[in-house]
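Throughout, read-outs are computed from the coordinates displayed, never taken from laboratory work. Computed from a prediction, not measured in an experiment: that's the story for all the values here. For neighbour counting, all protein chains shown are included, and Cβ atoms are generated from backbone atoms with ideal geometry for every residue, glycine included.
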Amino acid sequence: MSPKPLEPFAKKVFKGVILLELIGVLGAYSFFHALNTSQDFRNTVNRRCPSVLEVYYQSNEWAGVYGIRERDHEAWFNKKD
């Protein structure tokens, strides 16, 4: 009879990987939701990491949702005055 020493360890690793993937998906969704619902959050992201916001705008434009970028820029420009 051969022992099965790695089976419990493999199950723990597999559960850990699944948990990390679930946390990543939930984190990505909550980040997208915050971008999608809050113009102030988009402004914060624009100041800190504009390339991320550019990806958000492009993905919406590819999906057929237009005008978000223009409304944001107009609102931010008017806010500075």
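May I ask you to verify whether residue 27 is assigned to a helix (DSSP H, G or I) and either small (Gly, Ala, Ser) or surrounded by 10 or more Cβ atoms within 10 Å (Cβ to Cβ) (or both)?
Taking the combined requirement at face value, the residue satisfies it.
Residue check: is residue 54 acidic (Asp, Glu), assigned to a helix (DSSP H, G or I) and over 23 Å from the mean Cα position of the chain (by Cα)?
No: the conditions fail for residue 54.
With respect to residue 59, determine if the residue is outside any loop (DSSP other than H, G, I, E, B) and surrounded by fewer than 10 Cβ atoms within 10 Å (Cβ to Cβ).
no
Does residue 41 satisfy being on the phi < 0 side of the Ramachandran plot, aromatic (Phe, Trp, Tyr) and surrounded by 11 or more Cβ atoms within 10 Å (Cβ to Cβ)?
yes
Any residue that is without any contact (Cβ under 8 Å) to a residue 24 or more places away in the chain and over 20 Å from the mean Cα position of the chain (by Cα) - is there at least one of those in segment 16-31?
Yes, the conditions are met somewhere in segment 16-31.
Take residue 26 and decide whether it is over 30 Å from residue 65 (Cβ atoms) and among the aliphatic types (A, V, I, L, M).
Answer is no for this residue.
If you scan segment 30-51, which residues turn out to be within 16 Å of residue 69 (Cβ to Cβ), small (Gly, Ala, Ser) and assigned to a helix (DSSP H, G or I)?
Within segment 30-51, 51 is the sole residue that qualifies.
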